[in-house]
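Following: one structure in structure tokens, then a few remarks.
Values in this text are rule-based calculations from the coordinates and carry no lab data. Small disclaimer: the values here were computed from a predicted structure and weren't measured. With ideal geometry, Cβ positions are generated from the backbone for all residues, glycine too; neighbour counts draw on all protein chains shown.
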Amino acid sequence: CSIGGEKDEL
Amino acid sequence: MNVFRLTGDLSHLAAIIILLLKIWKSRSCAGISGKSQILFALVFTTRYLDLLTSFISLYNTSMKIIYVGCAYATVYLIYAKFRATYDGNHDTFRVEFLVVPVGGLAFLVNHDFSPLEILWTFSIYLESVAILPQLFMISKTGEAETITTHYLFCLGVYRALYLFNWIWRFYFEGFFDMIAIVAGVVQTILYCDFFYLYITKVLKGKKLSLPA
């Protein structure tokens, strides 16, 4: 369950 | 990008730099768990493989390279250059008890059964417990150098700030990643005991010493 874009977090 | 994530990243960067400078300047890694540092190097390696596949921003790429570089430099200083000062007798946490369950969980609970995604999930789960050998070592030695406590404080605060970042992103961007959030909550909880000691002792100028 995750909503959102690409992995842009470090 | 929001203020919580930026301060979180800067706190993480500060922790990594503090540790690297502490070892380099004092030419000693006494009190530092080499096992935790190996786990962090593994966390960054498995999480940042996308450096090879996608470009998100200059900030994203440069921070990832700095994190991975510093992590391996720290491991090198501990196990090679200043090996003589490594306190192996107190750095005895059985990391296989962390890596194996985390590896299994990454295969069972993930967003997508692809190699990059499973490695990313593995790194998220591993990061949440990677500090345990260091906390275990401090409980065995019964004390920690003040600079080491500052390192741990910055490291603990970074993921706590990320929790606020996820609240922010859920509210403003409708973004959330349950795997990162649950692991981040676990990771932050593991620091609570240390936060209490840091705030009640170190910030009052005392040395951090545990009833051994």
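Given the peptides B:126-138, B:168-180, B:67-79, B:196-208, arrange them by the average over their residues of other C-beta atoms within 10 Å, most packed first. It would help to have the intermediate numbers written out before the result.
Numbers: B:126-138: 22.0, B:168-180: 15.4, B:67-79: 18.9, B:196-208: 13.0.
Averaged packing, sorted descending, gives the order B:126-138, B:67-79, B:168-180, B:196-208.
For the protein assembly as shown, what is the mean residue ellipticity at 222 nm derived from helices alone (per DSSP H run of n ≥ 4: -39500 (n - 2.57); sum divided by total residues; nearest 500 deg cm²/dmol)?
Details: 8 runs with 146 residues, N = 222.
Rounded to the nearest 500, it is -22500 deg cm²/dmol.
First measure r as the distance between the Cβ atoms of residue A:8 and residue B:24, then evaluate 1/(1 + (r/R0)^6) with R0 = 25 Å and state the FRET efficiency to the nearest 0.05. Kindly include the intermediate steps, with their values, before the conclusion.
Details: r = 31 Å, r/R0 = 1.26.
The value I calculate is 0.20.
May I ask you to compute the full-extension gain from residue B:6 to residue B:111, defined as 0.36 nm times their residue separation minus their alpha-carbon distance, rounded to one decimal in nm? All intermediate terms of the calculation are to be shown ahead of the outcome.
On the way: separation 105, 0.36 × 105 = 37.80 nm, distance 2.52 nm.
Length gained, residue B:6 through residue B:111: 35.3 nm.
Residue separation times 0.36 nm, minus the C-alpha to C-alpha distance between residue B:185 and residue B:201: what's the value?
Working: separation 16, 0.36 × 16 = 5.76 nm, distance 2.42 nm.
Result for the pair: 3.3 nm of gain on full extension.
Output the 0 to 90 degree angle, nearest 10, between the alpha-carbon long axis of helix B:132-141 and the longest principal axis computed from the alpha carbons of chain B.
Once rounded, one gets 10 degrees.
Pull up the cross-link candidates among the lysines for residue B:207, meaning alpha carbon to alpha carbon under 25 Å and not fewer than 8 places away within one chain.
B:22, B:25, B:35, B:140
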